[in-house]
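The structure appears right after this line, and notes come after that.
The values are calculated or read from the model by the stated rules, or taken from the named source; none is laboratory data. Remember, it's a predicted structure, so these values are computed and weren't measured experimentally. Cβ sites come from the backbone with ideal geometry, for glycine too, and all protein chains shown count toward neighbours. The protein model used for the area step is the full one, side chains on, heavy atoms only, and it has no ligands, DNA or RNA in it. Shrake-Rupley method; radii C 1.70, N 1.55, O 1.52, S 1.80 Å.
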Amino acid sequence: MSKNYFEVIRPGVNTTYQDKGRGHLYHIGIPFSGAMDNRNFLISNKLVNNDLNSAVIEFAYQGPHIKYSGEKIKIAVTGDVVFSIKKKDMEINCNCYRSYEIENNDEINIISTNKSVYGYLAIGGELDINYQWNSCSINTKANIGANYGKKFDKGMRIDLKKINLSHDVKKINYINTKIENIRVIKGTNFDYFSEEGKKLFYESEFTVSKLSDRMGMRLEGSKIENIVNTNIKSEGLIKGVIQVPADGNPIIMLSDHGTVGGYPKIGVVASVDYDRLVQMSPGSKIKFKEINLSDAETLFKLYEMETQNLLSQI
Amino acid sequence: MIKNISNLGDAALYCDFGNEVNKSTNSQVIKYFKAIKEKKIEGINNLTPSYNKLIVSFDLKKVNFKEIKKYIENLDVQDSQNINSKKIEIPVCCHESFSLDIKRLEQKLNLGIETILNNFFNKEYFCYMTGFIAGMPFLGDLDENMRAQRLETPRVKVPKGSVGLTEQFANIYTFESPGGWNILGNTPINVFDSLKEDKPNLINAGDTVTFREISLDQYKDYNE
């Protein structure tokens, strides 16, 4: 038991520890996991002087309410998030993308994400948590990662192994932009679908369903008609793959996806748009736009340069 | 041999070994999988072998499709490469409390319980792949007369350890999960253990598996 710790007063709806995720395990059925929105994850760590791949607290919609005991530390929240810090008799409405100092008995209350899904709370220091395959990332389906692979619970403790040296407030001007189109690359079973189906895939608007989580995002809208076979022999998946099962409603594989699947793949979300895709909340409208591989690679390079540039400003 | 390599999105290769699902195609997949894995190529972050495909996913920050494709096309995979497989015996109890779909199987296969169990236990299975959920093995091939379709409506919860059949394959639910396979029995063995980081899976692609029938008492007394 560490002398510096948080106590969870309210866990939030889906709060987990995440880091960069774990690779080299698809062949035994374990997905990558890791922070859903990689850019916001990295920025949160940089704002509190952590190593970029340190464990953070990821929350969806309503976040946790936690109370601190211990020496002064820094925290930062990223995403589009409404949160406050309670100090003695004063409650401060806080801003994302800057660090705050937390003292003994202060409380952090993450009220909600605003028209988005995921937010990140980074704590300046090292969390005392369990790692499996070099990652703390919690996969609640397989119960892998820190906290026995389970999401946060009321009353649990977040112990700190060590805390960072005090530093000035760090901040950055950043606004999460929304995009109208999600860019996709043609999938390996694109030709399984009727001409009308392919047209609808690119021209019609889909709505993000409530049945979306870290495993996948289900879409509703035009039904995509399959004219070859509604099943394929089970084969590997990666995040971003858009499968269309027999009912014609596309499902996009997200970070905790099953590692193999047997539905035809109509497309794959370009890596450049993944961070923004996962932030689309139920009810949001999605339109797909086709791009080719070399454009996807160039766009990702630019996105990555932009991320590095943001990090260097902090 | 790989018949065709294409891109799956911008951060993965889709290696197609042909349409046939049989041991010889799958052995090729596994050979490539093991050969690539052994090389520990910078940038590759996952390999997913399946019946007749191999997906190679990579970190787009470090490498790209063209580079990895070229590498794999020039990779020397010996036909004699030892795929280093194990033989594993799995105890299964088919007490009525576990064999949730035996009545359905009797009906669908038009066989009696005894024949179904006899066919199931007197057979050696080959592990084509593991996945979907962590550690779940896909074991083939069941005889033609033992092949049933998935449940029309999948179960929301299939108990951990359940042994199920669908089409030409048998599998084991490594933990409680939704699923639509015809459940024949249950094993007391832990087929997946995430605490054994160096080898969490009891059964890996390329391994040979047999099932041994145990009684309910043996099931209850089973100590790993």
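Observations on the model:
- Meets criteria (at the interface with chain A (Cβ under 10 Å from one of its Cβ atoms) and touching a strand residue (DSSP E or B) at 6+ places or on another chain (Cβ under 6 Å)) for residue B:14: yes
- Only listed residue being aliphatic (A, V, I, L, M) and within 18 Å of residue A:260 (Cα to Cα), chosen from B:92, B:29, B:77: B:29
- Looking only at the stretch A:54-84, and only at residues there that are closer than 17 Å to residue A:102 by Cα and aromatic (Phe, Trp, Tyr), the one that is surrounded by the most Cβ atoms within 10 Å (Cβ to Cβ): A:83
- All of A:216, A:240 fail the test of being within 14 Å of chain B (Cβ to nearest Cβ) and at pLDDT 95 or above, apart from A:240.
- Subset of the stretch A:85-102 that is part of a loop (DSSP other than H, G, I, E, B) and at pLDDT 95 or above - its residue that is most open to solvent (accessible area, probe 1.4 Å): A:95
- Selection count where residues are assigned to a loop (DSSP other than H, G, I, E, B) and open to solvent by less than 70 Å² (accessible area, probe 1.4 Å), scope the stretch A:142-178: 13
- Figure legend. Inter-residue proximity from the stretch A:292-304: first residues not assigned by TED's automatic domain parsing to the domain that holds residue A:42, second residues part of a helix (DSSP H, G or I) and β-branched (Val, Ile, Thr), beta-carbon distance below 8 Å, spacing 6+ or different chains. Indicated pairs: A:296/A:272; A:299/A:272; A:300/A:272; A:302/A:272; A:303/A:272.
- Those residues of the stretch A:219-237 which are among the acidic types (Asp, Glu) and within 14 Å of chain B (Cβ to nearest Cβ), in sequence order: A:235
- When we screen A:266, A:286 for residues that are at pLDDT 95 or above, assigned to a strand (DSSP E or B), crowded, with 24+ Cβ neighbours inside 10 Å and not assigned by TED's automatic domain parsing to the domain that holds residue A:62, the only hit is A:266.
Residues checked against (1) part of a loop (DSSP other than H, G, I, E, B); (2) in contact with a helix residue (DSSP H, G or I) (Cβ under 6 Å, 6 or more places away or on another chain); (3) not assigned by TED's automatic domain parsing to the domain that holds residue A:279:
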position: A:12; (1), (2), (3): yes, no, yes
position: A:21; (1), (2), (3): yes, no, yes
position: A:24; (1), (2), (3): yes, no, yes
position: A:35; (1), (2), (3): yes, yes, yes
position: A:44; (1), (2), (3): no, no, yes
position: A:49; (1), (2), (3): yes, no, yes
position: A:54; (1), (2), (3): yes, yes, yes
position: A:67; (1), (2), (3): no, no, yes
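- Which numbered condition residue B:104 fails, given (1) within 14 Å of chain A (Cβ to nearest Cβ); (2) assigned to a helix (DSSP H, G or I); (3) in contact with a strand residue (DSSP E or B) (Cβ under 7 Å, 6 or more places away or on another chain): (1)
- Residue in the stretch B:139-146 that is within 25 Å of residue B:53 (Cα to Cα), within 12 Å of another protein chain (Cβ to nearest Cβ), among the aliphatic types (A, V, I, L, M) and buried (at least 22 other Cβ atoms within 10 Å of the Cβ) present: no
- Qualifying residue in the stretch B:189-203 (condition: more than 11 Å from chain A (Cβ to nearest Cβ), part of a strand (DSSP E or B) and of a type in the set (A, V, I, L, M, F, W, C)): no
- Scan of the stretch A:267-302 for residues that are hydroxyl-bearing (Ser, Thr, Tyr) and touching a strand residue (DSSP E or B) at 6+ places or on another chain (Cβ under 7 Å), ordered by number: A:281, A:284
- Filter result (in a helix (DSSP H, G or I) and without any contact (Cβ under 8 Å) to a residue 12 or more places away in the chain) within the stretch B:114-155: B:114, B:115, B:118, B:144
- Selection of the stretch B:175-188 for residues being surrounded by 19 or more Cβ atoms within 10 Å (Cβ to Cβ) and more than 10 Å from chain A (Cβ to nearest Cβ) yields B:179, B:181, B:182, B:183, B:184, B:185, B:186, B:187.
- Residues in the stretch A:298-314 that are within 14 Å of chain B (Cβ to nearest Cβ) and either open to solvent by 40 Å² or more (accessible area, probe 1.4 Å) or among the polar types (S, T, N, Q) (or both): A:298, A:299, A:301, A:302, A:305, A:306, A:307, A:308.
- Residues of the stretch A:276-297 satisfying the condition of being under 22 Å from residue A:250 (Cβ atoms), of a type in the set (D, E, K, R) and within 13 Å of chain B (Cβ to nearest Cβ): A:290, A:295
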